Amino acid sequence: RHLRPKPHYKLIIGREEGENNYLSGYRHEFTTIKTISHKGPLALVDGVAGDADLREASVIVARYSQGRDADAVEVEIAGPDGAVTRQLVQPMSSVDVEQSWHV
C-alpha cells in the first residue's frame, strides 16, 4: 500500500509478513517505521520528511497495526544511517486516512 499524505513524502506500508520482509531489504536506503508494541507493518518513508512528518507517518502506520484500536502504539523510527528513535503514538482512525492519499 502506497500513501502520500504530503507532497514531499510518501509511505510504502507492508500488508503482510512477506511484504514486510521485502521492504526490510531497503532499510539502508530509506527511513523505516515499524510498530513495536503491537504486531504490524513495516513502512518505508520515501522523500524528505521532517520530525512532524515522521510523527504523522507513525500515526498512520500504527493505524494499520493490530493496535489500531489501542490508546497508544509504540513505534520505532530508524534512519538509513542506523539512528533509531521510539515514540508512543495514538493510531489514526480509519476515517482520517484520506482517500486522496492512496497512490
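Worth a mention:
- Within the stretch 45-86, tally of residues that are of a type in the set (Ser, Thr, Tyr), over 9 Å from the mean Cα position of the chain (by Cα) and part of a loop (DSSP other than H, G, I, E, B): 1
- Scanning the stretch 60-82 for residues that are more than 13 Å from Leu44 (Cα to Cα), open to solvent by 10 Å² or more (accessible area, probe 1.4 Å), aliphatic (A, V, I, L, M) and in contact with a strand residue (DSSP E or B) (Cβ under 9 Å, 6 or more places away or on another chain) gives a single hit, Ala72.
- The residues in the stretch 21-35 that are touching a residue at least 12 places away in the same chain (Cβ under 8 Å), open to solvent by 30 Å² or more (accessible area, probe 1.4 Å) and farther than 17 Å from Gly82 by Cβ can be counted, and the count is 0.
- Sole exception among (1) open to solvent by less than 50 Å² (accessible area, probe 1.4 Å); (2) in contact (Cβ under 8 Å) with a residue 12 or more places away in the chain; (3) not basic (Lys, Arg) for Gly18, by number: (2)
- Among (1) out of contact with any Lys or Arg (no Cβ under 8 Å at 6 or more places or on another chain); (2) open to solvent by less than 60 Å² (accessible area, probe 1.4 Å) - the single one Pro41 does not satisfy: (1)
The values are calculated or read from the model by the stated rules, or taken from the named source; none is laboratory data. Note that this is a predicted model, so its numbers are computed, not measured. Methodologically, a virtual Cβ is constructed for each residue, glycine included, from the backbone with ideal geometry; neighbour enumeration extends over all protein chains shown. These accessible areas exclude ligands, DNA and RNA; they are computed on the full protein's heavy atoms, side chains included. Shrake-Rupley method; radii C 1.70, N 1.55, O 1.52, S 1.80 Å.
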